[in-house]
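> Quick one: the structure is below, questions incoming.
What follows draws every value from the coordinates through simple rules; no lab data is involved. It should be emphasised that the depicted structure is a prediction, and the values quoted were computed from it without experimental measurement. Cβ sites come from the backbone with ideal geometry, for glycine too, and all protein chains shown count toward neighbours.
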Amino acid sequence: MDKFKSNVRLWYWFILLFFALVAGLSMLISVVSGAISIPISDVWSVLTSSHSGSPSQDIIWNIRFPRTIVAALVGMNLALSGALLQGSMRNSMADPYIMGVSSGAGLFGMMILIVFPSYGYLLTPVAFVGGMVAALLVYLLAWRNGVNPMRVMLVGVAVSAFLSSGISGLLTFYSDRVESALTFMVGGLSTRSWPHIEMLLPYTVIGLILAFIGSQRMNILMLGDSEAKSLGLRVEAYRLYFTAIAALLAASAVSVVGLLGFVGLIVPHIARLLVGSDYRILLPVSALLGITVLTLSDTLARIIFAPIELPVGIVMGMLGAPFFVYLIRRKGV
């Protein structure tokens, strides 16, 4: 038995190491690729300060490197948020965007950006409140003697559309300030730099820790409400706990890159296909795959029509929408 546990633990760390290497490679590709290609040797020289003052130093250190880190943090946050929502709502098609969490965070965040720009330092906590309000609204409207996965998804789509209308209304009433909000609406990483990393990192660390702490409870919750209650789990309390973590992670991402959809839908599904549904391994793999998917998508957005740069939200929409249709058809909806 001890040997079996040792082998399982060894495979666990091997899997994590593999996906960490893939994530690291995707970040390296993001740093060296763009309208101006940069040799890996220059990247290494800049990072080790052995080649300071080189022509590529500013591009690497002030543009590519922080942007890649922001993409990695946002990818982790949205992937984890999607995995937590799919588990807590028992709906494999849930993600922060479809469930209205991103729209709620976006509406409240847009109010700060457009109506109260002097309170910009409150953007992330206010966006968190918006995401949490949207999640609770979906949960309350979908509740009828329990949580039905399909009902949750349909209510989420309706709430998301309603909140998106609120965002459009703000843009209409404050049309003189629309230009600064366009990237927010699409979801983009352009001009993201070191201050955005400082904004994201605390929420990412807190969300990661809280999610991993609750991973075993999520496994129990996935058994179904009746079975989980029979095992002594406070189902509604933990569902609220996981929803709050998902809202925090999604809101922090939305406050930095805007309404970026489908990361939380695609990544947990890929992770589940590769490593199964045990949340003790699914969550870290989802986080690492989130880094890979978003950094590579942002790289593609930068080079496909170079020197013109697409917002990464457009690329994610092109990937995510067909994937969503595939899921619906596979489930026979």
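> Subtract the Cα-Cα distance of K229 and A306 from 0.36 nm times their separation in residues, and report this length gain in nm to one decimal.
Extra length available between K229 and A306 comes to 22.2 nm.
> Indicate the helices, whole DSSP H runs only, in the chain that combine a mean Kyte-Doolittle hydropathy of -0.5 or more with a Cα extent along their long axis of 20 angstrom or more.
2-32, 65-88, 123-142, 149-173, 194-213, 235-257, 279-303, 312-330
> Using a simple spin-label model with points 7 Å from Cα along the Cα→Cβ vector, what separation in nm is obtained for I206 and Y326?
Each label point lies 7 Å from its Cα, and together they span 3.6 nm.
> Ok, one more. Within region 91-116, name every residue whose backbone N is under 15 Å away from a label modeled 7 Å from Cα of A158 along the Cβ vector.
Only 99-100 pass the distance filter.
> May I ask you to derive the relative contact order of the chain, considering only C-alpha pairs under 8 Å and at least 6 residues apart, and to give it as an integer percent?
After rounding, I find 31 percent.
> Here is a follow-up. Write out the trypsin sites (Lys or Arg not before Pro) in region 254-333 meeting two conditions: DSSP loop, and at most 15 other Cβ atoms within 10 Å of their Cβ.
K331
> Something else about it: So I have (i) 18.3, 54; (ii) 20.1, 68; (iii) 19.3, 59, and one of them is Rg and Dmax of the Cα atoms in Å calculated from this model. Which one is it?
So the structure-derived entry is (ii).
> Could you identify which residue out of A251, A83, A135 has the top mean-square fluctuation in a GNM of the chain using Cα springs shorter than 10 Å?
Comparing A251, A83, A135 in the GNM, the peak value goes to A135.
> Just add up the charged neighbours of A71: K/R +1, D/E -1, any other residue whose Cβ is under 11 Å from the Cβ of A71.
+3
> Between A20 and D278, with labels modelled 7 Å along Cα→Cβ, what's the label distance in nm to one decimal, could you check?
1.8
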